[in-house]
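Report on the following structure.
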Amino acid sequence: SVPLKQLIILSRIVEIFTKGFFIEHNIEKAKKLHYLSKFNEKLELWRSSLPGFLKWDKNSLMDPSFSSDPTITYFWYHYYIVVLTFNKPHVEDNIEVIRNTIDSLEIMLDNFSKVYNKYDLYQLFAVTIASNILLKMKNVVVDDELNEYIIKKISFFNKILGELSKSYDYAERIKQFHIYDFSGINNHNTDGVLDIPDFHSAKVKAETPTPN
């Protein structure tokens, strides 16, 4: 199918840049940021080359029937997961990219929650990474306006985590860590706590979203 072919192209872009980000550990920060800038440019080019029925932007996401359709939104969640994963190590240097991605995820998840009450693994991954990044931003950002933004987003994603925890135990773990974080532990390294590998639990199962 066309979506699958496009995801294969996206995976090739990811493969090309993965070495410079996650495998070679002795690359200086300036060079990594250069790679990251090129990577983000490649993603934008990929996104702009998509066929019409796969294209989206913030304006189109505002339409609930469009942005909550699980037959196509998995494609966009996949893209946002890639963006967040690669930009996460340097959030302080890519605030605009991170904010645009988190804002779009909020629109999609909010619209989805008005129609369905069962969430899928793409949404779990997206919310996990977004939550991780928001906690990291909270620890490195000193701008008051941005801190207010971060707190509002954490509150929203906590609400979604509450819904996700009905099907995935791992979501409850992340939510509880958010509560812990607000107790005043501002320098805690969140990466280990929120890593994804052990998210599977007895609750995890393949489910098709069902209307409320």
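The values are calculated or read from the model by the stated rules, or taken from the named source; none is laboratory data. Source: prediction; values computed, not measured. Positions of Cβ are generated from backbone atoms using ideal geometry, with glycine treated the same way; all protein chains shown enter the neighbour counts. SASA here: full protein model, heavy atoms, side chains in, ligands and nucleic acids out. Shrake-Rupley method; radii C 1.70, N 1.55, O 1.52, S 1.80 Å.
The residue pairs whose first member lies in segment 135-159 and is within 18 Å of F112 (Cα to Cα) and of a type outside the set (V, I, T), whose second member is surrounded by 11 or more Cβ atoms within 10 Å (Cβ to Cβ) and at pLDDT below 90, and whose beta carbons are closer than 7 Å, counting only pairs six or more residues apart or on different chains, are N158/K175; N158/H178.
If you check I81 against the conditions, is it of a type outside the set (S, T, N, Q), open to solvent by less than 50 Å² (accessible area, probe 1.4 Å) and either modelled with pLDDT of 95 or more or closer than 23 Å to M137 by Cβ (or both)? So I81 passes the test.
Every listed requirement among (1) without any contact (Cβ under 8 Å) to a residue 40 or more places away in the chain; (2) open to solvent by less than 50 Å² (accessible area, probe 1.4 Å) is met by K31 save one, (2).
If you check F17, F39, F75, F21 for being open to solvent by less than 90 Å² (accessible area, probe 1.4 Å), under 28 Å from L135 (Cβ atoms), among the hydrophobic types (A, V, I, L, M, F, W, C) and under 16 Å from the mean Cα position of the chain (by Cα), only one passes: F75. Among the conditions (1) within 18 Å of V140 (Cβ to Cβ); (2) modelled with pLDDT of 95 or more; (3) open to solvent by 20 Å² or more (accessible area, probe 1.4 Å), the only one that R47 does not satisfy is (1). The residues of segment 2-29 include none that are part of a loop (DSSP other than H, G, I, E, B) and in contact with a Phe, Trp or Tyr (Cβ under 6 Å, 6 or more places away or on another chain). Once segment 98-109 is narrowed to residues that are farther than 17 Å from D143 by Cα and of a type in the set (A, V, I, L, M, F, W, C), the residue that is surrounded by the fewest Cβ atoms within 10 Å (Cβ to Cβ) is I107. Taking segment 112-131 as the range and being crowded, with 20+ Cβ neighbours inside 10 Å, in contact with a Ser or Thr (Cβ under 7 Å, 6 or more places away or on another chain) and under 17 Å from G162 (Cβ atoms) as the test, the residues that pass are F112, Y119. Elements of the type helices (runs of 4 or more DSSP H) sitting completely within segment 53-163 and holding at least 1 residues that are of a type in the set (V, I, T): these cover 70-87, 95-113, 121-140. Applying a threshold of 8 Å to beta carbon distances and a minimum spacing of six or more residues, or different chains, the list of pairs starting in segment 92-110 at a residue that is over 14 Å from T73 (Cβ atoms) and ending at one that is of a type in the set (G, A, S) reads T101/A130; I102/A130. Can you go through I174, I150 and tell me which one is out of contact with any strand residue (DSSP E or B) (no Cβ under 6 Å at 6 or more places or on another chain), among the aliphatic types (A, V, I, L, M), open to solvent by less than 60 Å² (accessible area, probe 1.4 Å) and within 13 Å of I102 (Cβ to Cβ)? None of the others qualify; the one that does is I150. The numbered conditions (1) surrounded by fewer than 20 Cβ atoms within 10 Å (Cβ to Cβ); (2) over 15 Å from the mean Cα position of the chain (by Cα) are all true for S67 except (1).
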